[in-house]
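Data block below; observations after.
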Amino acid sequence: VQLQASGGGLVQAGGSLRLSCIASGRTFSSYSMAWFRQAPGKEREFVAGIRWSGVNTYYADSVKGRFTISRDNANTVYLQMNSLKPEDTAVYYCAVERGASYFGPDMTRYEYWGQGTLVTVSS
């Protein structure tokens, strides 16, 4: 199983980016997915999660109202990031949970992780 995240880059504060994550190696139609991020010198933190059905989502307070998580098929998840702030600068990781329909912030509930894509927001 591989998760390939892409879409990161350098953007000015107030700008937008769209991250994509494509999973390969098996079908994840019944698995929830999520995005996490890790800023320099900080621990990895939850950003957003989406249930396998694509209907339910959950966001960290720090991104609520600015970021939107979505998925368009069993193996692709997106993170639309608007109104970006310098504090959003981090490596963003996508993850697939262990099959219990979990899409919250507990990292131990996720089995597969992507390699990360760097987002840098300049002030």
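The values are calculated or read from the model by the stated rules, or taken from the named source; none is laboratory data. Since this is a predicted model, take the numbers as computed values, not measurements. Every residue, glycine among them, receives a Cβ derived from its backbone with ideal geometry; neighbour counts consider all protein chains shown. Side chains included, ligands, DNA and RNA excluded: accessible areas come from the protein's heavy atoms. Shrake-Rupley method; radii C 1.70, N 1.55, O 1.52, S 1.80 Å.
Under 5 Å between amide H atoms, partner at least 5 residues away or on a different chain: which partners does residue 15 have, H built in plane at 1.01 Å?
Close amide H contacts, sequence-distant or interchain: 84.
So what does residue 1 come to for accessible area, using a 1.4 Å probe and Å² rounded to 10?
Approximately 80 Å² of residue 1 is accessible to the 1.4 Å probe.
Per residue, what accessible area does the chain have, given a 1.4 Å probe and all protein chains present, in Å²?
Heavy-atom accessible area per residue stands at 49 Å².
Given a 1.4 angstrom probe, I'd like the percentage of the accessible area of the chain that is carbon and sulfur, rounded to a whole number.
About 47 percent, which is the carbon plus sulfur part of the accessible surface.
Would you work out the charge dipole size for the chain about its Cα centre, treating the Cβ of every Lys and Arg as +1 and the Cβ of every Asp and Glu as -1, and quote it to the nearest 20 debye?
The calculated dipole for the chain is roughly 140 debye.
How far apart, in nm, are the 7 Å Cα→Cβ label points at residue 12 and residue 24?
Spacing of the two 7 Å Cα→Cβ label points: 3.7 nm.
Work out from phi, with θ = phi - 60° and the Karplus expression 6.51 cos²θ - 1.76 cosθ + 1.60, the ³J(HN,Hα) of each residue of the stretch 94-99, listed in order in whole Hz, and give x for Gly and Pro.
Values per residue, Gly and Pro as x: 9, 8, 10, 7, 7, x Hz.
Name the residue from 11, 49, 78 whose Cα lies farthest towards the positive end of the charge dipole of the chain, charges +1 on Cβ of Lys and Arg and -1 on Cβ of Asp and Glu.
Checking the options against the dipole of the chain, the answer is 78.
Given an 8 Å cut-off on Cα distances and at least 6 residues of separation, report the relative contact order of the chain as a percent.
Once normalised by length, the contact order is 36 percent.
Which ³J(HN,Hα) values in Hz, rounded to whole numbers, follow from the phi angles of the stretch 7-21 under the Karplus curve 6.51 cos²θ - 1.76 cosθ + 1.60, where θ = phi - 60° and Gly and Pro get x?
Taking θ as phi minus 60°, the curve returns x, x, x, 9, 9, 7, 3, x, x, 10, 9, 10, 8, 10, 9 Hz for the stretch 7-21.
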